[in-house]
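What follows draws every value from the coordinates through simple rules; no lab data is involved. Keep in mind the model is a prediction, meaning the values are calculated, not measured. Cβ sites come from the backbone with ideal geometry, for glycine too, and all protein chains shown count toward neighbours.
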Amino acid sequence: MHTDNHTKRGLVLEGGALRGLFTAGILDVMMEHAIEPDGIIGVSAGAAFGCNYKSRQPGRALRYNMRFARDKRYCSLRSLLTTGNIFNAEFAYHTVPTEYDIFDGETFGRNPMEFYLVCTDVATGRAVYKRCERSGHEFFDWVRASASMPVVSRIVSLDGRSLLDGGVADSIPLKYFESIGYKRNLVILTQPDGYVKHPGRLMPLIRFALRKHPEMARAMANRHKMYNAQTAYVRQAEQEGRCMVIRPDAPLPIGHISHDAEEMRRVHAIGRETAMRQIDRIKDFFAQD
């Protein structure tokens, strides 16, 4: 057991839809090397793929994404038009983890590693941080809410709140994790060093889609400012030695959505290769107190 003076070690996982397979590749290598952080916080794809760390299932994120890459029940325009969700809520978040590629909820619940995810409260435009201790359909809905991109997803109602993609309010929740006691954090980003987010070109469409939710629309309009401030904060923390950052060396060769299984495999392989190159550094970083 950890003593009270143990420095809590965390993993902070940015989203980025299928760019998150880069993160999954890194996590798979870390699991294979038995690196056990005290806690994880994931946003959007970072939550959807990062929960496999607590359930100790390397390879799972890549496996089911490749398997269902071209399955219209999983992610498709048809799903968007018929259900309001481009990633089918029932099939992708409930059927897949309970019937096709079983999520190990028992291990997830037993593993003392803390798991947090981030959503955005549609009414306020602010981040909601949720600690998830056990698996099950409510947990899958929290993951879905964290990853529900505005305009192409329906609002998810949980705990009396209306929720969407956590990346709108807090894309890289390092500051939050530090605030709850995680003082040594490995931050995994899905954009290369120097990436700057610009105002969204689709803001007129987004404003219209969110016309009943002005605070959410405002958060979307300001998202680039929030994101760029967070990458600056991460860079400062990295320079001060409070965190270690792993980023891709170049923009990842995949879009937000992909139906190409080989493209997915390549991005995952880039993550694995990046982690293998830095595995000794990662071990040393987590070994320090």
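Summary table
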| read-out | value |
| --- | --- |
| Stretchable slack from residue 260 to residue 235, in nm (0.36 nm times residue separation minus alpha-carbon distance) | 5.7 nm |
| Over the chain: helical MRE at 222 nm, DSSP H runs n ≥ 4 each giving -39500 (n - 2.57), nearest 500 | -12500 deg cm²/dmol |
| Segment 122-268: radius of gyration and largest Cα-Cα distance (Dmax), Å | 16.5, 43 |
| Given the chain, longest segment not containing exposed loop trypsin sites (Lys or Arg not before Pro) (DSSP; at most 10 other Cβ within 10 Å) | 1-200 |
| Of 228, 256, 274, farthest towards positive along the dipole that unit charges on Lys, Arg, Asp, Glu beta carbons give segment 219-276 | 228 |
| Per DSSP, loop GluC sites (Glu not before Pro) in segment 232-289 with at most 11 further Cβ within 10 Å | 240 |
| Chain lengthening between residue 34 and residue 83 when straightened (0.36 nm per residue, less Cα-Cα) | 13.6 nm |
| Choice from 123, 69, 250 with maximal GNM fluctuation in the chain (Cα, 10 Å cutoff) | 250 |
| Size of charge dipole - the chain - debye, nearest 20, with Cβ of Lys, Arg +1 and Asp, Glu -1, no other charges | 920 |
| Mean shadow area of segment 79-147, taken as a quarter of the surface of its Cα convex hull (nm²) | 5.3 |
| Members of 8/54; 54/197; 130/283; 183/283; 175/283; 197/283 lying beyond 24 Å, as alpha-carbon distances in this model show | 54/197; 130/283; 197/283 |
| Sequence-distant residues sharing a close amide H with residue 187 (under 5 Å, placed H) | 12, 244, 245, 246 |
| Cα gyration tensor, segment 36-80 - rounded (a/c under 1.5), prolate or oblate | oblate |
